[in-house]
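Written below as structure tokens is the structure these notes are about.
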Amino acid sequence: MSYPGGLLDWLLREDPRYRVVSWLFLRLLALVYLFAFLSTALEITGLVGERGILPAQILLDARFGRLGELAWLRYPTLFWLGSDNWALLGASYAGCLLSIGLLLNWRPRLVLIGLFVLYLSLYQVGDRFFSFQWEFLLLETGFISIFLAGGPNRVLVFLLHWLLFRLRFLSGFSKVFSGDPTWANLTTLNYYFETQPLPHMGAWYAHHLPDWLLRFGTGANLFVELVVPFFIFLPRPFRLFAAAATIAIQLAIMLTSNHNFVNLLTIALCLFLLDDRAVRALLPQRWLPALAGGAARLKGSLLQLLAAVMLLSTSLATAYELVREDGVRFAVNSPVNWVRAWGLGNVYHIFPVMQTERQELVIEGSHDGTNWQPYDFRYKPDFAGDPPRLIMPIHPRLDWMLWFVPPQGDRERYWFGALLYRLKHNEPDVTALLRHNPFADKPPRQLRVMAYRFRFSTPEERARSGDIWQTERLGQFPQVPARKP
């Protein structure tokens, strides 16, 4: 079969099946960006500000000392120009304003470039607090969307399909590849709702569903992650099924978990498994724009093809790195890692292993070494009576990161020690991240960390005590057994 103007013309010509889909997708992406930047603005100075837990300037100085001026390209960020609190907050709130601009369809391509640059800049100085896979997902989606602002074509639609495929299939593959017994015997959901980083009340109800239903849900999730992604590249009925199944799983997660903005972003990517005909059938016409029809126009460029080759080759290389059994990784300065430094071409492996026990760390301070008072964090449970809070699509990074400390890994020990140092010195930017600072007037002379085992109360226990959690004191951290995994 031949195409008018050749293969390149066919690849880059606007695909009229996705005009409304593209418009709706960019509106949802604007909301995701808004939630991401707003979450950042609420915490950024306490996390990486001048007197934050891991000051951005220290990280930048270390990188420059290692690489010299090459660090500006290896770690691209606007904060090479300055990383004080005003710069960090300014970038965060500028991202909020640009997100609203994209939502209103104001100069979308220019706005999308600004959003990508700002979020990439924050990602580069966010250190451990910006090390989550949804950062990569948002950056790569945002990068592709810069081109999408000029109209959808086959290259861009394929890139978004490929991104969704990688997100879903690699997440499922990593679960099987890890050898985790809970995925193998379909008991994952018996633990997940209770042990996830930040559950809300929906998790308590889901935890007490019948065992057979939890096992069925585990199997269904594996099916949707391992088999359904291949439907993305099949004819329209398969793509529609893939969209429905993937969106259903995302909605189920939202009903039981606080996973910030990642579920909304995944749903947005599923729109490209639909087409304008499906969207117009599903949504009221008054919700949709009156986009001009007519013949398809050339909406792409060779730059898009080069970007596609870069994303495809890098993502294939990183996927291969994930499945290698010898543990060998690409060198730090390999071309693959240069591309990944821009948030592009990364791998996804969400919850490859499941925790079977919930440990919570309670930080306590004292003036005399006898009377200890606990610090109360905003979102994570600290006490038996703390109700799981609905906070999505906001992403509280400090509370989320505390979930990673009980395994006692070196990477977490470093920043957690920095947090304790800031609390002991009553740094206002850090204590502002708490719900309650019991030492607001005078810093404590001593700090300690106590480890507790938390589990959901049964309906009978909750009826008697009113508490959502049952707690068991394990001892002083880190002189307790590390949580595994």
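Bear in mind that the values in this text are calculations on the coordinates, not laboratory data. Quantities reported herein were computed from a predicted structural model and do not represent experimental measurements. Glycine also receives a Cβ, built like all others from the backbone with ideal geometry; neighbour counts cover every protein chain displayed.
For a quick protection proxy, order the peptides 275-283, 20-28 by their average other-Cβ count within 10 Å, most packed first.
Result, highest mean first: 20-28, 275-283.
Where does the charge balance sit around ARG411 when Lys and Arg score +1, Asp and Glu -1, over other residues with C-beta under 13 Å from its C-beta?
Value of the local net charge: -1.
Put one equal scatterer on each alpha carbon of segment 358-476, apply the Debye formula with no solvent term, and list log10 I(q)/I(0) at q = 0.12, 0.15 1/Å to two decimals.
Values returned for q = 0.12, 0.15 Å⁻¹ are -0.47, -0.73.
If you place +1 on the Cβ of every Lys and Arg, -1 on the Cβ of every Asp and Glu, and leave all else neutral, what size is the dipole of segment 358-476 about its Cα centre, to the nearest 20 Debye?
The calculated dipole for segment 358-476 is roughly 160 debye.
Around GLU461, with a cut-off of 12 angstrom between Cβ atoms, what is the net charge of the other residues, counting Lys and Arg +1 and Asp and Glu -1?
Here the count lands on +1.
So if I take the alpha carbon set of segment 414-485, get Rg, then get Rh from the Kirkwood formula, what is the Rg over Rh ratio?
Here Rg/Rh amounts to 1.08.
Let me know the charge dipole size of segment 358-428 about its Cα centre in debye, to the nearest 20, where only the beta-carbon of Lys, Arg (+1) and Asp, Glu (-1) is charged.
About 280 debye.
Give the total of Lys-Lys pairs in the chain with Cα-Cα distances below 26 Å; include a pair only if its members are 8 or more places apart or on different chains.
Here the count comes out as 6.
What do you get for Rg/Rh over segment 6-340 if you use C-alpha atoms and the Kirkwood form of Rh?
0.97
Any idea what the dipole of the chain comes to, in debye rounded to 20, about its Cα centre with Lys/Arg Cβ at +1 and Asp/Glu Cβ at -1?
In debye, rounded to 20, the chain gives about 1020.
Based on the mean of other beta carbon atoms within 10 Å per residue, what is the order of 364-372, 165-173, most packed first?
Output ranking for 364-372, 165-173: 165-173, 364-372.
Could you give each residue of segment 351-358 its phi-based ³J(HN,Hα) in whole Hz, using Karplus coefficients 6.51, -1.76, 1.60 with θ = phi - 60°, and x for Gly or Pro?
Working through the residues one at a time gives 6, x, 10, 10, 6, 10, 9, 9 Hz.
Can you check what the net charge comes to around ASP376, using other residues whose Cβ is under 10 Å from the Cβ of ASP376 (Lys, Arg +1; Asp, Glu -1)?
+1
Could you order the peptides 457-464, 194-201 from most to least packed, using the average number of other C-beta atoms within 10 Å per residue?
194-201, 457-464
Just going by the charge dipole of the chain, with Lys and Arg at +1 and Asp and Glu at -1 on Cβ, which of HIS349, LEU7, ALA418 is farthest out on the positive end?
LEU7
What list of ³J(HN,Hα) couplings, whole Hz, do you get for segment 95-111 from phi and the Karplus terms 6.51, -1.76, 1.60, once you set θ to phi - 60° and write x for glycine and proline?
x, 4, 5, 5, 4, 5, x, 5, 4, 8, 6, 8, 6, x, 5, 4, 5
Counting helices only, and only those DSSP H runs with n ≥ 4, report the 222 nm mean residue ellipticity of the chain as the sum of -39,500 (n - 2.57) divided by its residues, in deg cm²/dmol to the nearest 500.
Taking each H run of at least 4 residues, the total per residue is -17000 deg cm²/dmol.
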